[in-house]
Amino acid sequence: MKLKGGVIGLGKMGISHAAIVGTHPSVDLVAVCDTTSIVLDVFKKFSNIRLYHDYIKMFENENLDFVVIATPTRLHYPMVKYALNKKVNVLCEKPFCMNSIEGSELEQLAVKNGLINQVSYHNQFIGTFRELKRLIKSGVIGELVHFTGEAYGNVITDEKGGTWRSDPKEGGGCLFDYASHVINLVQEIIGRPVRANGTLRKKILSKGVDDAVYSMLTLENGLSGVLMVNWCDQTYRKMSTSLTIQGKKGKIICDATEIKIYLHEPQIREGLDKGWTIKYITDLAIPVNFYLRGEEYSAQIDHFIECIAQKKQTEINSFEQALYTDKVIEMIIKDSKLQNNG
């Protein structure tokens, strides 16, 4: 019997999730919810999916096995909480919540109710970053010395603003929307940050939110590195996320398309020569049945569905991991306020 799924929020990511869920062989997408009639009218015209303006009515009328929540961050807490109380498994967009108090409550509720929970940090399903994590764990570049986590893009192009991403009350801003991706990668590949220092949150084009974030992060293992994120850099056509990690035996530079490994000496067991070796995403990508915007988006939903089918929660992108990313965001905000008052 197929799992019954629903999607709340039909913006760019919500429509993508709906397309992937709707083609999954183990799922029936039975309902979607959005406040915009124009979007719902398209679903009405081209599908038999049941349509809702009110997510509470959707949960009351539908016997869902899972829901994908792809709304602005401010709405995550009430929607996820309602779903969990209805005993529905949840995949939520990132970042998890507006604050760690909300996230902690949801994480505990998901565990208490024995529900599969996942947050959409899709970079964890990109083959190059997964290979980076494996190589770091295997110690190919020796003791780690320093790291840089970066993301640049061209999201904000003028000073007008106008979407929820330009409203701090909605969870907008570069730190929440862009830097959270990098923080989550650093956290899961290198180590969990425990301190932020020298933070700068800069307004470049926006009036109410930050457009760039720069911070020195210290990890639980004692390693320190730099976070550098800017979402109004016109030299980039789309978001570019990368990690650079320096070790005593070499260096690795990784983004979504390739991983470049430099070694002082060859690593025979890994098949890596002295000097530079480059591996490409074409050789590392996770196989998926449906490709949309990148295999990572399908791979994360495949993982979520598999966890539900097997009734087994994994650590990958769990509420607990996403909650920790929220806590790091709070560290950065707190430090930025200290810098401004200093």
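The values are calculated or read from the model by the stated rules, or taken from the named source; none is laboratory data. Remember, predicted model here, so these are calculated numbers, not experimental data. So basically every Cβ, Gly included, is an ideal-geometry build from the backbone, and we count neighbours across all protein chains shown.
Couple of notes before you dig in:
- Within the range 155-191, the set of residues being among the acidic types (D, E) and modelled with pLDDT under 85 comprises D158, E159, D167, E170.
- When the range 278-298 is limited to residues that are surrounded by 12 or more Cβ atoms within 10 Å (Cβ to Cβ) and in contact with a strand residue (DSSP E or B) (Cβ under 6 Å, 6 or more places away or on another chain), the one that is nearest to V119 (Cα to Cα) turns out to be Y280.
- Residues considered: T235, T241, T199. Of these, the only one that is under 30 Å from F319 (Cβ atoms) and either part of a loop (DSSP other than H, G, I, E, B) or in contact with a His (Cβ under 9 Å, 6 or more places away or on another chain) (or both) is T241.
- Test: E306 is out of contact with any Phe, Trp or Tyr (no Cβ under 9 Å at 6 or more places or on another chain), under 29 Å from H17 (Cβ atoms) and not in a strand (DSSP E or B): yes
- Single residue of G275, G342, G250 found to be surrounded by fewer than 20 Cβ atoms within 10 Å (Cβ to Cβ), modelled with pLDDT of 95 or more and among the small types (G, A, S): G275
- Tally of residues being in contact with a Leu (Cβ under 7 Å, 6 or more places away or on another chain) and not assigned by TED's automatic domain parsing to the domain that holds A256 across the range 272-300: 1
- Subset tally (residues that are part of a loop (DSSP other than H, G, I, E, B) and touching an Asp or Glu at 6+ places or on another chain (Cβ under 6 Å)) for the range 98-124: 1
- Residue in the range 61-72 that is outside any helix (DSSP H, G or I), modelled with pLDDT under 95 and surrounded by fewer than 22 Cβ atoms within 10 Å (Cβ to Cβ) present: yes
- Considering each residue of the range 87-98 in turn, none proves to be free of Cβ contacts under 8 Å to residues at least 24 places away in the same chain and more than 16 Å from the chain's Cα centre (by Cα).
- Among residues of the range 202-244, those that are in contact with a Cys (Cβ under 9 Å, 6 or more places away or on another chain) and not charged (D, E, K, R), counted: 13
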